[in-house]
Amino acid sequence: MMENNCLYLFLLSFLIPIVVVAAFPTSNTSSPYWSEHPSHVSECHALLHFGNSFTITLDASADYYCGYPANTSYPKTASWKNGTDCCSWDGVTCHTSENYVISLDLSCSWLHGTLHSNSTLFSLSNLRGLNLAVNDFSGSLISPRFSVFAAMTHLNLSCSGFSGPVPEVISQYLSNLISLDLSVNYGLTIEDDHSFRRLVGNLTHMGELVLDLVDMSRVSPLSLANLSSTLTSLSLSNCFLRGIFPNNIFHLPYLRSLSLSVNINLTGTLPQTNWTGPLVSLDLSYTKFHGLIPTSVGNLTSLNYLDLSVTEFTGPFPQSLGKLHHLTDLFISGYKLSGTVDFEMFASLKNLRHLSLAPFPEENNLTLLLQNDGNCSFPRLKWLELPGYNLTKLPYFLNSSTELEGLNLSGNNIGGEIHEWFWRVWRDTLTLLHLYSNNFTGEIPSSICQVSSLRLIDLSNNRLDGTIPRCLGNLSSLVRLILGNNLLQGPMPQSLANCRSLSHLNVRYNEIYDTFPHWLNATLYSLTFIDLQSNKFHGVINEIPLPPQLSSLILSDNNFEGPLPIPPPTIEYFIVSDNKFGGNIPHQICKAFGLEVIDLSNNSLTGSIPRCFIELSASLSVLDLHANNFVGLIPEMFIQNTALTTIRLSQNRLGGTLPRSLAYCKNLEVLDLSKNELEGRFPFWLETLPNLQVLVLRSNRFHGPVDSSSKTDHPFQKLRIFDLSNNNFSGPLPIKYIANLIAMRNEERTQRSGLQYMGGQNQFYRDSIVVVMKGLEIVLVKILTVFTTIDFSSNFFEGEIPEAIGQLEALKGLNFSHNNLTGIIPSSIGSLDNVEWLDLSSNRLTGEIPITLAHLSFLSYLNLSMNQLVGPIPQSAQIDTFKIDSFDGNPGLCGHPLPKACGTDSQPSPPLTSPKGEEAESIHWIEKRAVLMGFGCGVVLGISLGYLVLVTGRPWWLVKMVERKYWAIKTNKLKKGAAPGNPARYFHHKFSSFMLSITSSPVTYTVNILKACGLRISFGISLILNFCSATRLILLRKLF
């Protein structure tokens, strides 16, 4: 948008005539730099000296600004010759009778250097017009000596690298200015309201004012109300304006062009009544203009350009737009409009060249009625954009738009095969084609190859099948080919190697069976992007070098094997997860100094993490190496000002302590180190990371208390996922951390931000994580920012649960199970209105279950088993959904769903005496005998088998069988809410539960015998597992 505005304004400068008259009124104020008219010879010498003060460099004048509609970029001063009349020089215009220089146009002249205040340019005091646009004067200030040009009417310094404040002398001494263009000078500023008022205060003849990209952040938009009534064109795009735009500007009598685009904090409304005038062009895109689009917009009969994209206008779509018969360009995209639009309202707009009605996909409340046959025809149409309207057929009027260059019908429901006529109509004009996210079926027709002008093809997210047509190799202009998310099969056509301009290839999520297309490297030196994700590619890659200019390589979820491919130094995204790559990480990868994302997860890589990764820290934002076989220490590879936001090293065999250099990662949001062999005390210095949202240290060997540093007042304020489970942490729960988890407090604020995922700043990578949720290990392939959980289970924490836990109102899950916590369950837990799972099992909690738990309407998983809780279970519709398992192992609890009655419960009590008392006593004796027998047998069997395996190392089938049994038990344990940990601890809890049950509520003989046998088997297996696990470790060490 910015570049388009610069191009438009630059071309406009050529359309404004430089008025040259013999007598011109002098300025009322004399310039301090004013001098008498210099001689013609001295002027020529001054011009020649000015031209020679710069070097001529092609890069100084951007082709984008100078090459359209005709190539106007060339070094004009290169043809200036000493001794010739300067009035004949390129870019120089002289007065017809007086023979002095009145105009100098050196735009797009490849000039490079600094424009100093002592430049001979300022001796040309008779200049009425000066155009230095699109050169490179980087670092130059706009000199106060511009005041010598008192008679100047047209000044254009756009796109030339000027910086610093705009001097007030421009208006003080150049009061005759009709056109002033200072746009696209990135370092140029207007310092405040006073400076702006001084700038425009004396410009009473001003017709055109262009300040695009000049920093006006300190200028109130209300200051614009003082602009001259003679103004015909005002352009303030991307000026960082904020506040309310004065409505009176829309009523300036001569205003023909107004652009306020890309001022995202600028608000305002359109005139609702009596809006007329000569307005030809209006651009309010990417602002916060709001309210209704008035029907009076139809009174602007001269309007030919209207852009209201990405604004906050609401209400119905203005039908009066159909009256603007001169309209050539209409852009209303990203809107919040509602209602129904009959497309036939545009039937009278025969001059349309660009029509874009593109809503936000998630906020489209507009219904578009498009008939199968109507009166619309747009013979001049160049670009059509109608995405996301649930169209089921191609628009009928496309047949009449034979000059179409760009078409976007994405996000509709257009189905069936793509008709042959579609390719025939625009075979020489169509360059950009977006048909993604529809329901097209069948094969990609070979007739697409007839459209030789195609530069972009996007047919992704359809149901196309068959093979990719070989004839696509005939499209010599093709730059981007996007065919992802279809049902395409077969190999990649090698003919694509003929597309010498191809830079972007995307065939992700298909069924293509092939080896890596190394033939792309033979001729496609322009190829920068390859995405082969989720196909059936296979084989070894590193035998042939990758394309040398490659910036993105995405190969995840295939069957590639062998060593990792070695990316070129230009690589930025290296994503090869979920394959079968093995071996070490090649050291050559550290030469990619612009690498942003490296994802090598879920492979079979070995060795250690290269120390040379420190060379990538400055640019790297994602480091994902999880689920491999890396060993050794995590190296000290993090430097100050690193860009890292995500580090995932989980599911490896990394050991040692954490590197303190992690504290340099101030942008870090996700740190997942779970399932390794890391040790040491809790890394309290991580609390200094201001953006950390996910911290997972699960299943390591950390130990000791979880203490906060006294140097950090508000630790972990943004933390949303806090997982320390399955370690050896001890001491009290970290109260200071819990009290400062600000991100887990305010659910309302979180919901206002909408459903968003973490990692959205990376286009090709989303943060994911493994969490224990409701007793099950779940992989979150995307992390919602509203997902919050704390898991401290399977440690040795002790003491009471702090009341501060109730402040975490946004919490979704809380797991303190399998610790040594004591005291009561705080009633403040009832304030966790959004909690969905709560596990406090296997502790030593006492007292009653707080009645406030009955108010947790979202609670779907509850486990309070294996504690010392007493009293009645609170009753509510939510609590009544839980089964005995949620409360088992608390002898003092009573009430539904437990069989033990409370008080006046209707369940009958057992009789005080029973004729079968002796039989019951006999049953209890047999139960105890069965328990002791089972215990003894299990011990003997476990020791015997363990010793056999330890001494002989055989039979291997027994070791494997026991390991399978262990993992089956571990999975079953997770399903029942116990966090993973030591199997002996698990069976100890089961044994305790059983003993409590047989002593508190006797049941039938048969059931108890079965329980005893089951216990015997379980306890025996636990001992076998302990011996076999130790044996396996010894054997593995011998082997490796």
Residue tally, condition within 22 Å of LEU840 (Cβ to Cβ), out of contact with any strand residue (DSSP E or B) (no Cβ under 9 Å at 6 or more places or on another chain) and at pLDDT below 80, over the range 728-775: 1
Subset of the range 117-137 [open to solvent by 10 Å² or more (accessible area, probe 1.4 Å), closer than 19 Å to SER163 by Cα and out of contact with any Lys or Arg (no Cβ under 6 Å at 6 or more places or on another chain)]: ASN118, SER119, ASN131, ASP136
Candidate set from the range 172-206 (those that are of a type in the set (Gly, Ala, Ser) and surrounded by fewer than 21 Cβ atoms within 10 Å (Cβ to Cβ)); member that is modelled with the highest pLDDT: GLY187
Filter result for PRO387 (part of a loop (DSSP other than H, G, I, E, B) and modelled with pLDDT of 90 or more): yes
Members of the range 462-478 found to be open to solvent by 30 Å² or more (accessible area, probe 1.4 Å) and under 33 Å from the mean Cα position of the chain (by Cα), listed by number: ARG463, ASP465, THR467, SER477
Hey, LEU327 under 20 Å from LEU384 (Cα atoms) and either outside any loop (DSSP other than H, G, I, E, B) or touching a residue at least 60 places away in the same chain (Cβ under 8 Å) (or both) or not: no
Close pairs (7 angstrom Cβ cut-off, 6 or more residues apart or separate chains): free of Cβ contacts under 8 Å to residues at least 60 places away in the same chain in the range 827-848, part of a helix (DSSP H, G or I) and crowded, with 20+ Cβ neighbours inside 10 Å anywhere: SER828/ILE805; ILE829/ILE805; ILE829/LEU853; GLY830/LEU853
Selected residue (only one of LEU398, LEU459 is over 27 Å from the mean Cα position of the chain (by Cα), in contact (Cβ under 8 Å) with a residue 24 or more places away in the chain and either more than 29 Å from GLY490 (Cα to Cα) or crowded, with 20+ Cβ neighbours inside 10 Å (or both)): LEU398
Unique residue being in a strand (DSSP E or B) and surrounded by fewer than 20 Cβ atoms within 10 Å (Cβ to Cβ) when the list is THR84, THR114, THR93: THR93
Scope the range 776-793; condition open to solvent by 10 Å² or more (accessible area, probe 1.4 Å) and part of a loop (DSSP other than H, G, I, E, B); matching residues: VAL781, LYS782, THR785, VAL786, PHE787
Residue match in the range 656-669 (condition: of a type in the set (Gly, Ala, Ser), in contact (Cβ under 8 Å) with a residue 24 or more places away in the chain and within 19 Å of SER793 (Cα to Cα)): no
Evaluation of PRO563 against (1) modelled with pLDDT under 95; (2) open to solvent by 20 Å² or more (accessible area, probe 1.4 Å) (one fails), failing number: (1)
Within the range 297-325, tally of residues that are under 19 Å from SER259 (Cα atoms) and surrounded by fewer than 16 Cβ atoms within 10 Å (Cβ to Cβ): 3
Qualifying residue in the range 54-72 (condition: closer than 17 Å to CYS44 by Cα and crowded, with 21+ Cβ neighbours inside 10 Å): yes
Enumeration of residues in the range 207-222 that are under 19 Å from ARG256 (Cα atoms) and either surrounded by fewer than 18 Cβ atoms within 10 Å (Cβ to Cβ) or not β-branched (Val, Ile, Thr) (or both): GLY207, GLU208, LEU209, LEU211, ASP212
The range 117-146, residues that are in a loop (DSSP other than H, G, I, E, B) and basic (Lys, Arg): ARG128
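The values are calculated or read from the model by the stated rules, or taken from the named source; none is laboratory data. Predicted model, so just to flag it, every value in this text is computed and none were measured. A quick note on method: Cβ atoms are made from the backbone with ideal geometry, for glycine too, and the neighbour counts reach across all protein chains shown. These accessible areas exclude ligands, DNA and RNA; they are computed on the full protein's heavy atoms, side chains included. Shrake-Rupley method; radii C 1.70, N 1.55, O 1.52, S 1.80 Å.
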